[in-house]
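Notes to accompany the following structure.
The values are calculated or read from the model by the stated rules, or taken from the named source; none is laboratory data. All figures in this text were calculated on a predicted structure; none of them were measured in a lab. Cβ coordinates were reconstructed from backbone atoms using ideal geometry, including for glycine residues, and neighbour counts include every protein chain displayed. We work out accessible area using only protein heavy atoms, side chains counted, and drop any ligands, DNA or RNA first. Shrake-Rupley method; radii C 1.70, N 1.55, O 1.52, S 1.80 Å.
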Amino acid sequence: MNEPIESTIPSLPEAGFVVIFGGSGDLAKRKLLPALARLRTEGLLPKEFAILSVGRSPLTDETFRSRAGRASQAILENLHYCQADYTPEGARVVDARMKEIAAERGLPLNALFYLSVPPDTFQPIIASLSEAGLVKEHCNGRGWSRVIIEKPFGRDLASARKLNADILPHLTEHQIYRIDHYLGKEGVQNLLVFRFANPIFEPIWSARHIDNIQITAAETLGVEGRGGYYETAGVLRDMIQNHLMQVLCLTCMEPPASLSPDDVRNEKVKVLKALRPLVLSGEDSDVVRGQYGPGRVEEQEVPGYRDEPDVPETSTTETFAALRCHIDNFRWAGVPIYLRSGKRMGHKGTQITINFKEGAKILFNALPGVVPPRNRIIFHIQPEEGILLELGTKRPGQSIRIERTAMDFAYREAFEHDSPEAYERLLLDAWRGDATLFVRSDEAELSWKYLQPVIEKWSTTSGKSKIPLYPAGTDGPEAAEGLLARDGREWVDFVQST
Ligand code: BG6
């Protein structure tokens, strides 16, 4: 059953460097280094490579290695450390260190720079690398050079545009890899395969057959000590502008001309361009926000958002948002796409639900009490990955009773391997020079442009009473139910593949 249908065996990346700015930080320790270690264990990295962590603390290679943690054992001897700041002088120190290591290890000077640092340092680091000649490809003995930029890419339309404008003089677009870790998730990548490798679905993937689409990313966690950061973000910036908008694009885009990075990204851009401006107030408002108050999550009492460290008592930052979006193109005219995401909700999981239209009210509907359920396809992205096709089925018995049943596909059962972590795939792709799963400048800007009016509206209200509270451990504020109820719909509960 599980015969692999792979058209290409992924090529090994070329020997070279991964240079991580912020390599002694939390993301590197928890995600990046373990991802690289797993890639190495799976034989997906070149024989020779070096990982150079750049930071301001005075560490030696040995101390850095000893801090790397058990999950990074497989790459321990490839790890190096270099103390440097983010100035051109610092970049020259990095350059000298790379050349030293290259000579020791016989490595070419190919470089994948990873900016795992606060966003206000993206521009100075790139400018310094550029001034020191480190991002000039194929010059002075250098090979290729690419830069992965961690999120957030801007905090509104103006800052995203400025960041693009500030870095584009130093790098060409093909060197820039704006990361969105949702694109590295197996279930998200499968959206394209599901839609375009299974021709039975294409004819029904439109307003003709689909009533509405729902994309939910719910978390049970709170802000986990990141109150300071979260106060500057909120769920709209933290989850919706990037992760959920990307999922929306992949769910709704037209088939690309090819799987090349630009063909795929061109189609996503067309979706973003076709989004109808959101209505922000009144009875027809498309937006709802909320903030968690104290409550119970997974049997534990938890404090409200305003009681979290570094959060002011008067905060109006949204920890929950729901949006009703419309894509004004031929395929999707009239189909609402509901997005919602929140912290401290009653369950944890990301799910995309395609709700099909009702059948004609004839035949079975004519029988008293028999209402065939609507068909649904549910993509589970996490925690377990799977796809559910819900059907109406005759309940065994002497009369006709129709019940909702599910054809349930769980990755865990169908494939022997656990899915790779998102960062594994993304690091490998960037190292191989494949930008398909990274966000292009126009995508980032268009997504901000769409949400900019909401950002502005929400940032101008202040005072506690202005944001509805929802008890931690629930599905968000009541208004989120109202958003769908007005349309005669309701949110589909989180259903987990079995
Ligand atoms: C990050 C956000 O981008 O995504 C976090 O900054 C959020 O606030 C996280 O918790 C969710 O990612 P995942 O992979 O756990 O769904």
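Split the accessible area of the chain by element, probe 1.4 Å, and carbon with sulfur accounts for 54%. Across the chain, Cα pairs under 8 Å and at least six residues apart give a relative contact order of 17 percent.
With the Kirkwood sum run over all distinct C-alpha pairs, region 332-434 has a hydrodynamic radius of 17.4 Å. Each Lys and Arg contributes +1 and each Asp and Glu -1, all at the Cβ; summed about the Cα centre of the chain, the dipole is approximately 600 debye. One equal scatterer on each Cα of region 381-498, no solvent, Debye formula: the resulting log10 I(q)/I(0) at q = 0.09, 0.18, 0.24 Å⁻¹ is -0.55, -1.20, -1.24. A dipole drawn for the chain from +1 and -1 charges on Cβ atoms has a positive end, and of 229, 323, 80 the residue lying farthest that way is 323. The packing ranking, built from the mean of other Cβ atoms within 10 Å per residue, places the peptides 241-254, 43-56, 196-209, 432-445 in the order 241-254, 432-445, 43-56, 196-209, highest first. Packing here is the average count of other Cβ atoms within 10 Å per residue, and on that basis the peptides 314-326, 99-111, 17-29, highest first, run 314-326, 17-29, 99-111. Here residue 263 sits with roughly 40 square angstrom of accessible surface, probe radius 1.4 Å. Solvent exposure of region 212-254, expressed per residue, is 21 Å² of accessible area, with all protein chains present and a 1.4 angstrom probe. Here the alpha carbons of region 1-153 define both size measures, Rg and Dmax, at 15.7, 57 Å. Computed with a 1.4 Å probe over protein heavy atoms only, the accessible surface of region 334-409 comes to 50 Å² per residue. In units of the compact-protein estimate 2.2 N^0.38 Å, the chain shows a Cα radius of gyration of 1.04. Look at the alpha carbon pairs under 8 Å that are at least 6 residues apart: their mean separation over the length of region 197-294 gives a relative contact order of 14 percent. Computed from Cα atoms alone, the Kirkwood hydrodynamic radius reported for region 155-260 is 16.8 Å. Can you give the percent of C-alpha pairs in region 197-324 whose distance is more than 17 Å? So the pairs more than 17 Å apart make up 69 percent of the total in region 197-324. Sorted on the mean count of surrounding Cβ atoms within 10 Å across their residues, most packed first, peptides 223-229, 476-482 read 476-482, 223-229. Convex hull volume of the Cα atoms of region 83-190, normalised per residue: 128 Å³.
What percent does the relative contact order of region 342-444 come to when contacts are Cα pairs within less than 8 Å and at least six residues apart? Taking the mean separation of contacting Cα pairs over the length of region 342-444, I get 18 percent. Once the mean of 1/r is taken over each pair of separate Cα atoms and inverted, region 382-427 shows a Kirkwood hydrodynamic radius of 13.4 Å.
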